[in-house]
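Taken together, the values in this text are just the output of simple stated rules run on the coordinates, not laboratory data. Owing to the predicted nature of the structure, the values given are computational and were not obtained by experimental measurement. Please note: Cβ atoms are built from the backbone with ideal geometry, for glycine as well, and neighbour counts cover all protein chains shown.
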Amino acid sequence: MMKGKDIEDFFVNSRRLLRYASQPDRNLLFQMGKIILITFALLGGLAFVIRLIFSAVLQFGGV
């Protein structure tokens, strides 16, 4: 359980973080979007390849 000093430190650190934080600019948002789309495509491609492998294994040497 958090004690009074821990709670006070948490709020002090939270205020400090919010004071120095800034909104992302357009370039950073575009870069994050590209990274997310590339990751999504890679994971989808990997899932597709795994599904092809499993369907081939089950069809030709399956149970």
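Here is how the numbers come out for the structure above:
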{"item": "Hits in the stretch 54-63 (condition: part of a helix (DSSP H, G or I) and exposed (fewer than 10 other Cβ atoms within 10 Å of the Cβ))", "result": "GLN59, PHE60, GLY61"}
{"item": "Residues satisfying the stated conditions in the stretch 16-33, i.e. surrounded by 10 or more Cβ atoms within 10 Å (Cβ to Cβ) and assigned to a helix (DSSP H, G or I)", "result": "ARG16, LEU28, LEU29, PHE30, GLN31, MET32, GLY33"}
{"item": "Verdict on ILE50 being assigned to a helix (DSSP H, G or I), hydrophobic (A, V, I, L, M, F, W, C) and over 20 Å from the mean Cα position of the chain (by Cα)", "result": "yes"}
